[in-house]
Amino acid sequence: MDITDKVKVSSDELWQYSLEVYDAIKDIAITLQDNYGLNINVLLLSGYTQTLGCAIDEYDMHKLVAQTKSWQEDITNPYRELRRELKATITNEQYQAMLRVELALEREEQWRLAQTLPALPPHNVEAQANILSCLIAFNVPLEQLTEQELMTLYSIGQRVAH
């Protein structure tokens, strides 16, 4: 297959997709992030590529996981912990400013993920496993998720592509 037949994920389109679907999975995703280290941006990337019919293979998924672990450990997690610790002692305006910085960090991470992921062939039936592969890659115990939680997570991969 020629490179022109492949899809390169746009970080801008990934960001717009993320803004559209995040509220639907927010509670579940934050719980999985806090309890199992799930990277929500990798989950969102998995859902987005799934909507495009582009499968992320195991090698690329593990590459994305490794990349985000470093970013999360060094930058995002310490900042998120600081924001949570300060919430009760700062003004709402200061807290909102911290949220905006954290959001900018998340967008930067999505840009990095889009740059790391190679162009992928579309129309791949294996794309339907992207979200599941992401959960497995982060060692999320699937048996502890309810059917409704799984359906909610899988739903973000069923949206019609832009």
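The values are calculated or read from the model by the stated rules, or taken from the named source; none is laboratory data. In this text the structure is predicted, and so the values were computed from the model without any measurement. Every residue, glycine among them, receives a Cβ derived from its backbone with ideal geometry; neighbour counts consider all protein chains shown. Just the protein is used for accessible areas: all its heavy atoms, side chains included, with ligands, DNA and RNA removed. Shrake-Rupley method; radii C 1.70, N 1.55, O 1.52, S 1.80 Å.
Please go through (1) modelled with pLDDT of 95 or more; (2) farther than 18 Å from residue 131 by Cβ; (3) open to solvent by less than 40 Å² (accessible area, probe 1.4 Å) for residue 71 and return the number of the only condition it doesn't satisfy. It fails just one condition, (1).
Within the range 126-143, not a single residue is of a type in the set (Asp, Glu), more than 22 Å from residue 155 (Cβ to Cβ) and modelled with pLDDT of 95 or more.
Scanning the range 7-66 for residues that are farther than 14 Å from residue 119 by Cβ, out of contact with any His (no Cβ under 9 Å at 6 or more places or on another chain) and of a type in the set (Val, Ile, Thr) yields 21, 25, 28, 30, 31, 40, 42, 65.
When only residues in the range 98-155 that are in a loop (DSSP other than H, G, I, E, B) and under 18 Å from residue 55 (Cα atoms) count, which is most open to solvent (accessible area, probe 1.4 Å)?
Checking each candidate, the answer is 123.
Examine the range 75-92 for a residue that is of a type outside the set (Phe, Trp, Tyr) and touching a residue at least 24 places away in the same chain (Cβ under 8 Å), and state whether such a residue exists. Scanning the range 75-92, I find at least one residue that is of a type outside the set (Phe, Trp, Tyr) and touching a residue at least 24 places away in the same chain (Cβ under 8 Å), so the answer is yes.
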